[in-house]
Structures are given as C-alpha cells and as structure tokens.
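Comments concern the structure below.
The values are calculated or read from the model by the stated rules, or taken from the named source; none is laboratory data. Owing to the predicted nature of the structure, the values given are computational and were not obtained by experimental measurement. Positions of Cβ are backbone-derived with ideal geometry, glycine not excepted, and every protein chain shown enters the neighbour counts. Side chains included, ligands, DNA and RNA excluded: accessible areas come from the protein's heavy atoms. Shrake-Rupley method; radii C 1.70, N 1.55, O 1.52, S 1.80 Å.
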Amino acid sequence: MDDEAPVNEANPAQAEVLAALGARPHERPEFDPRLRAELRAELEDRLAPAAGRLPDAETLWVSKHLLSSVHGCEGFFLARDAEEFAWSTQTARGTVSHKAIELSVSWRGDPSAGELVDEALARLIASDDRISRYLGGLREGERAELHGEATERVNMFLECFPRLEPRWRPVAESRLRADLNNDRIVLSGKVDLTVGRAEGLRAGKVLIDMKTGGFSPAHREDLRFYALVETLRLGVPPRSLATYYLDGGRLQQEAVGEPLLRGALERVVDGVEAAVALLHEGRGPELKAGPPCRWCPLRDTCEVGRRFLERTDDLDQAADGDW
C-alpha cells in the first residue's frame, strides 16, 4: 500500500489509518533471500524432538489460539482442549462479522452493515462450514440478536476503516500455512485483512487483525506468529503488523524485522514443547491466574483461579465504592 491514496473524503479516523499504513518504496525494508530457508531449517531442527514424541500418524496443528493458551495458563489450555466446542451467539458473531467484512472488501457500491451481515449469514448457512447447521437452526429472536451484534461490529469497521482500493491488493481472511517435520507439525492461521504485496525481496504487505474490546499483549504475539508463517510461505516477511481496535477506532502498528521473527520462532518452539508434554506425555499443568479465569471451565474448582477472581471482585467493589 503506497502513501498516495486520496484522503479528502476520509473522516479523521480513516485518515489516521491511511497515514499509518502508507509507505514509500524507500521506506520498505529488503530481506536476505536466505532468511526463509534459515528459519525453516532452525524450526525443523528444534521441533524434531517434539515431533518425534507425537503418537504415530498424529499431526500437531499449531494456531495462534494454541500458542496464546499454552503460554498462558496450562490448566486452561487442557480444559479447553478437552471441552467439546458448542456454537453460541457470542462465538458465532465473530465469524459472521468477519465474513461480512470480507464481503465488504470486494463489494461494489456502498452497502450498509446490515446488508453485508444479511449476505454473510446467507452464505454461511449455505456453506459446508461447521457453523451452517447452528445458524440455520436459530430461532427468530436468537437470529435477531446475532444480526444486531454482528451489524454493530461491521458498522464500526465501515465507519473507521478507509475504503480499500483495488490497487492496494486487499485480501480478507487470508489463510497461511507452513508444514514442518514431514507434516507432523503444521503452523496455520487466517489473517483478517492484508494490504499490499512484496516486490522481489522488498517487503510491502501489511497484516491486519480486527479486535473489539481493549489491548492485550497476546494480540501482538498473534500477528508475530502470522509474520513468521508468512515468511516461511513466501520468503519475504510482511512490512508491518497492525491491530485495529474497532471500539476505539485505534490502530497499533509494529514494524517487522528479523529479531521479531526470531522471537516468534522461540515462542513456537516453546509452545510446541509444552503442548506435546501436556497433551501426549501426561505432564501436569502450570496454573497461572489472569483474566481468562473468568471464562475457564475450571473456575469453580481451581484454587488459583478462585483466589484471583475473589481479589478481582474485591477490587471492583472497592472501585465502585469510590462513587
């Protein structure tokens, strides 16, 4: 994405995004052509012991969700792994919102958020995705609730994010994958939005994740993981990583360099080692208290989590008393 995009019709929030994402050719870094092979060789060498301890014919799929949970509370990681996933309005609204935003990238004209959500729901119901049956069986009230929440999110995107021009080469829901160690370990992910492209060894792509709510350090780690997988896939890293917070119309951006990729590699190696030990070798989990305790399946039985939640509730009540 270059910095020659017109901003005369952009509101201030959109203009800030355009200014942040733009870069002239001389501002885009070039990378060593050997970087891709070096990163892959180091990853496969360091992951080989863990891959060798997997059960026969077993593949470990490594996603941003696996890494963020196993690097947080290992008890939470095991509990979520054992829990059967069930769709709900809360879990479905992100999928519907992201599908609607994906449609908006290539939609001709000026669709409303509601129109995009309608089309997203219709396409998901007609698809072979796991969510199809859930959406098709919603009662009218449940569907209205989901539609309203998804429309709110999509409207935030349309209001605060600039209209994406074809010359920026925008791609929504871009899939990334790297197969390692004879396909015993697979790194995979799906980036909400990418703009730009690499030119030779010169980086040009920006990876963007959309978030509601507030900042979490895990958001940066998610994108660093995607940057590593993109480098393994293409050979040229993205130019930068950006998390866009829809609620506040705020963009947080980070430039990509080799130290960032090396740090992401270390996190993958540590996460895979922990996941194999926990899932396949019976190692006991290390418990860490934090915000995920509020929705952890073990919150009623985990003493570490219960103490954390009690302290948090006490602080909330003290804050309420200040009024």
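Report the calculated FRET efficiency for GLU165 and ALA126 (r = Cβ-Cβ distance, R0 = 30 Å), to the nearest 0.05.
Details: r = 29 Å, r/R0 = 0.98.
E between GLU165 and ALA126, to the nearest 0.05, is 0.55.
Work out how much length THR301 to GLN252 would gain on full extension: take 0.36 nm times their residue separation and subtract the Cα-Cα distance, in nm to one decimal.
13.9 nm
So which GluC sites (Glu not before Pro) in the stretch 75-139 pass both tests, a DSSP loop state and at most 12 other Cβ atoms within 10 Å of the Cβ?
Counting only loop positions with at most 12 other Cβ atoms within 10 Å, the GluC sites (Glu not before Pro) in the stretch 75-139 are GLU83, GLU84.
Of ALA275, ALA23, ALA82, which has the largest mean-square fluctuation in a 10 Å C-alpha GNM of the chain?
So, out of ALA275, ALA23, ALA82, the one fluctuating most is ALA82.
How about the stretch 69-127: which trypsin sites (Lys or Arg not before Pro) there are in a DSSP loop, with at most 16 other Cβ atoms within 10 Å of their Cβ?
Sites meeting the loop and neighbour criteria: ARG108.
Looking at the chain as a GNM with Cα springs under 10 Å, which of THR301, THR89, THR231 has the largest mean-square fluctuation?
THR301
Stokes-Einstein at 25 °C, 0.890 mPa s, Kirkwood radius from Cα pairs: D for the stretch 21-70 in µm² s⁻¹?
After rounding, the answer is 170 µm²/s.
Using a Gaussian network model of the chain whose springs link C-alpha atoms within less than 10 Å, name the residue from ALA264, ALA79, ALA198 with the highest mean-square fluctuation.
Of the options given, ALA79 has the highest mean-square fluctuation.
Leaving ligands, DNA and RNA out of it, rank MET156, MET210 by accessible area with a 1.4 Å probe, largest first.
Values: MET156 40, MET210 15 Å².
Heavy-atom accessible area, descending, gives MET156, MET210.
Going from the alpha-carbon gyration tensor of the stretch 1-141, what semi-axes, largest first and in whole Å, does one get by taking the root of 5 times each eigenvalue?
After scaling each eigenvalue by five and taking roots: 35, 32, 14 Å.
At 1.4 Å probe size, put TRP295, TRP107 in order of accessible surface, largest to smallest.
Result of the area sort, largest leading: TRP295, TRP107.
Roughly how big is the chain's charge dipole about its Cα centre, with Cβ charges of +1 (Lys, Arg) and -1 (Asp, Glu), in debye to the nearest 20?
The dipole magnitude comes to about 740 debye.
Can you give the accessible area per residue of the stretch 120-164, in Å², using a 1.4 Å probe?
On the way: 2660 Å² over 45 residues.
Here the residues of the stretch 120-164 average 59 Å² of exposed surface.
What share of all Cα pairs of the stretch 183-310, in percent, falls into each consecutive 10 Å distance bin?
Here the calculated profile for the stretch 183-310 is 11, 32, 32, 20, 5, 0.
Please go through the stretch 129-217 and write out the chymotrypsin sites (Phe, Trp or Tyr not before Pro) that DSSP classes as loop and that have at most 15 other C-beta atoms within 10 Å.
Filter output for the stretch 129-217: PHE215.
Enumerate the lysines that LYS211 could reach by cross-link, defined here as Cα to Cα under 21 Å, with residues fewer than 8 away along the same chain left out.
LYS64, LYS99, LYS190
Which sequence of ASP56, ASP32 reflects their accessible areas, 1.4 Å probe, from the largest down?
ASP56, ASP32
Grab the DSSP H runs of the chain that are 4 residues or longer, score each as -39,500 (n - 2.57), total them, divide by all residues and round the 222 nm result to the nearest 500 deg cm²/dmol.
Numbers: 11 runs with 163 residues, N = 323.
The helix-only estimate for the chain comes to -16500 deg cm²/dmol at 222 nm.
Would you work out which of PHE215, MET156, ALA255 lies farthest towards the positive end of the dipole of the chain? Charges go on Cβ: Lys and Arg +1, Asp and Glu -1.
ALA255
Expressed in nm to one decimal, what extension gain is obtained for the pair ALA15 and ASP56 from 0.36 nm per residue of sequence separation less their Cα-Cα distance?
Gain on extension, ALA15 to ASP56, equals 9.4 nm.
What fraction of the DSSP beta bridges in the stretch 172-247 is antiparallel, stated in percent and rounded to the nearest 5? Walk me through the intermediate numbers first.
Details: 12 of 18 bridges.
Rounded to the nearest five, the antiparallel share is 65 percent.
Can you tell me the dipole magnitude for the stretch 52-149 around its Cα centre, using point charges on the Cβ only (Lys, Arg +1; Asp, Glu -1), in Debye to the nearest 20? Please report the intermediate quantities before stating the final value.
Values: 11 positive and 17 negative charges, 22 e Å.
Here the size comes out at about 100 debye.
What fraction of the DSSP beta bridges in the chain is antiparallel, stated in percent and rounded to the nearest 5?
In the chain, approximately 70 percent of DSSP beta bridges are antiparallel ones.
Report the one residue of TRP107, ALA144, LEU35 whose Cα lies farthest in the direction of the positive end of the charge dipole of the stretch 33-150 (charges on C-beta: Lys and Arg +1, Asp and Glu -1; origin at the Cα centre).
Result: LEU35, furthest along the dipole toward the positive end.
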